[in-house]
Amino acid sequence: MKGNPAFGLVSRLVLAGVLLYAGGVKIMEPHGARDAILAYRVFPPSWAPVLGYAMPLLEIGLGLLLLVGLFTRLSGLVAALLMLAFVAGIASVWARGYSIDCGCFGGGGDISPQGRAVRYSLEIARDLLFAGLGFWLFVWPRTLLSLEKN
Amino acid sequence: MGKESAKAAKAAAEAARAQANAQERSRERKVRLIGGLVVLVIMGGLLAIPIINGKNKGPATNTAAALPKGVTKDTYGVKIGPAWTAANADSIPTLQLWEDFQCPACGDMEKRSGAKILELADAGKLRLEWRPTIFLDSNLQAQNTANNKPNSSLRATVAFGCAVDQDAAEKFHSALFAAQPAEGKGYNNSDLTVVAQSAGLTGEKLTKFMECITNKTYEGWANNSFDQYSKQGIAGTPSGILNGTELQSGVLFDPAKLEQAIADATKK
């Protein structure tokens, strides 16, 4: 089984686009990323500034690697795990009864609870889809228009 | 063609393939090394952006800043209601309510629970303390500036302090959230004067309020309260902290559940 190199290319480009956009928006407003991380109430507040810098850098690094098709297997795995971490974060704030903007693409912080279930469900479904693309690349890293052949 | 030459041709083809494979592997090693380094260099370069942006942090606490009536340096919050000075004050729960006047979720929370919170505070059942923060000024800078109303959270908080001095804390706070524009539109001083009028300020009180906002009397105080917000690592706005424990959004935004939580906190 080699998977489907054309679908692999699509997966790479979709994930790269999402990660580069998300990371780019966050790095332009690192206070926003810090506040978004605080709103999750998962990490101690003192970690938020460091994570607010590290997360967009990781997203941009992964996005670039996936864009050109380098270390595809590893990048796909890390991207998938990152997406699952986001899913866990959203599920956790949902279960604990907070209403936040996921801060996925900038923004973040507390928001009104109106329409919370629908919003959280859609965000989780979207991130699971992205995680699926990442795992695809982990299993079948051979893709079209890639800088590496295996 | 003999068997021998066929074998030789096959061997030669295999050798060529092996060589091609080796060349490909070597090319890939190079591409991975160079590509990996390029990505690392780009990430390192991007690290400079937050370091440059990180410089425009809010000012540190200025202990000499003027404070609105009744505000003390331990919290810089505005204490509301008679419970604070009641004989049994210690048995009445405290609610620290962190809000940014530009935050839409705060406006929504006020619409739902604001009246109940004030009712309980005014009835002496709750030691309510409003804790203003102005973190949205940096997030909304572009929109506020495009609308010619930069630093609207700061300006609104200054005006709130000015209204506290004119004994209009509650009415001004309610009127300000009732008049909250779409996120990013912001407030200028004439907007805030209209809010003060709708909060019932007239005559000399209104004149003093306008002097106070024009002189930006409480900018230092607003920044000090924001500094507390950052130092305490408050997770966002609105945040309601009842007797030291943060309330879930589902409770804070629901007046019935909120009243129950406050009643439960009172029994303890």
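Each value in this text was obtained by applying a stated rule to the coordinates, not by laboratory testing. Given the structure is predicted, the values throughout are model-derived calculations rather than measurements. Please note: Cβ atoms are built from the backbone with ideal geometry, for glycine as well, and neighbour counts cover all protein chains shown.
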Checklist outcome for this item: In whole angstrom, the spacing between the Cα centers of the stretch B:10-46 and the stretch B:205-235 equals 60 Å
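Would you tally the net charge around B:K149, using a Cβ to Cβ cut-off of less than 12 Å, leaving B:K149 out, and scoring K and R as +1, D and E as -1?
Charge balance near B:K149 sits at 0.
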Checklist outcome for this item: Check: C-alpha center the stretch B:136-203 vs C-alpha center the stretch A:58-137, spacing in Å is 36 Å
Checklist entry - Looking only at the stretch A:54-68, which residues have a backbone nitrogen under 13 Å from a spot 7 Å from the Cα of B:V38 in the C-beta direction? => result A:64-68
Checklist outcome for this item: In the structure shown, of B:K231/B:K257; A:K149/B:K7; B:K111/B:K257, the pairs separated by more than 19 angstrom at the C-alpha atoms are B:K231/B:K257; A:K149/B:K7
Checklist entry - Which is farthest toward the positive dipole end of the protein assembly as shown among A:L51, B:I92, A:F7, measuring Cα position about the Cα centre, with Cβ charges +1 (Lys, Arg) and -1 (Asp, Glu)? => result A:F7
Checklist entry - Dipole size in debye (nearest 20) for the protein assembly as shown around its Cα centre, Lys and Arg Cβ +1, Asp and Glu Cβ -1? => result 2020 debye
Next on the checklist: Relative contact order for chain B: what percent, with Cα pairs under 8 Å and sequence separation of 6 or more?
Outcome noted: 25 percent
Checklist entry - Hey, got the average number of other protein chain Cβ atoms within 10 angstrom for residues in B:184-195? => result 0
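Mind sorting B:S153, B:S91, B:S138 by how few other Cβ atoms lie within 10 Å of their own Cβ, fewest first?
In increasing order of surrounding Cβ atoms, one gets B:S91, B:S138, B:S153.
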Checklist entry - For the stretch B:78-267, what is the per residue volume of the convex hull drawn over the alpha-carbon atoms, in cubic angstrom? => result 110 Å³
Next on the checklist: With unit charges on the beta carbons (Lys and Arg positive, Asp and Glu negative) and the dipole taken about the Cα centre of chain A, which residue among A:I111, A:G32, A:V93 sits farthest to the positive side?
Outcome noted: A:V93
Checklist entry - Would you list B:S249, A:S46 from fewest to most Cβ contacts within 10 Å? => result A:S46, B:S249
Item to check | Highest average packing first - B:222-233, A:58-69, Cβ atoms within 10 Å | outcome: A:58-69, B:222-233
Next on the checklist: I'd like the orientation of helix B:3-53 relative to chain B: the angle between its Cα long axis and the longest Cα principal axis, in ° from 0 to 90, rounded to 10.
Outcome noted: 20 degrees
Checklist entry - Averaged across the residues of B:234-244, what count of C-beta atoms belonging to other chains lies within 10 Å of each residue's C-beta? => result 4
Checklist entry - If amide H atoms are built 1.01 Å from N in the plane of the peptide, which residues on other chains or at least 5 residues away come under 5 Å of the amide H of B:T94? => result B:R127, B:N243
Item to check | Given charges at Cβ of Lys, Arg, Asp, Glu: chain B dipole, positive-most of B:A179, B:V38, B:N151 | outcome: B:V38
Checklist outcome for this item: Exposure-ranked with fewest Cβ neighbours within 10 Å first, B:D254, A:D127, B:D90 stand as B:D90, B:D254, A:D127
Checklist entry - Helix A:72-95 versus the longest principal axis of chain A: what angle, 0 to 90°, nearest 10, using Cα atoms? => result 20 degrees
Checklist entry - In debye, nearest 20: dipole of the stretch A:67-132 around its Cα centre with unit charges on the Cβ of K, R (+) and D, E (-)? => result 120 debye
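Only Lys, Arg, Asp and Glu count, each charged at its Cβ (+1, +1, -1, -1), so figure out the dipole size of the stretch B:50-140 about its Cα centre, rounded to 20 debye.
Around 140 debye, computed over the stretch B:50-140.
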Checklist entry - Going highest first, how would you order B:124-130, B:27-33, B:193-199 by mean Cβ packing within 10 Å? => result B:124-130, B:193-199, B:27-33
Checklist entry - Averaged over B:23-33, how many beta carbons belonging to a partner chain fall within 10 Å of each residue's beta carbon? => result 2
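To the nearest 0.05, how large is the calculated FRET efficiency for B:A142 and A:F105 if R₀ is 22 Å and r is the Cβ-Cβ distance?
After rounding, the FRET efficiency stands at 0.85.
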Item to check | For the protein assembly as shown, share of DSSP beta bridges that run antiparallel, in % to the nearest 5 | outcome: 60 percent
Checklist outcome for this item: extent check for the protein assembly as shown: Cα max minus min per principal axis, descending, whole Å, gives 116, 44, 31
Item to check | Two-site FRET efficiency, B:K205 against B:D264, from Cβ-Cβ distance with R₀ of 35 Å, rounded to 0.05 | outcome: 0.35
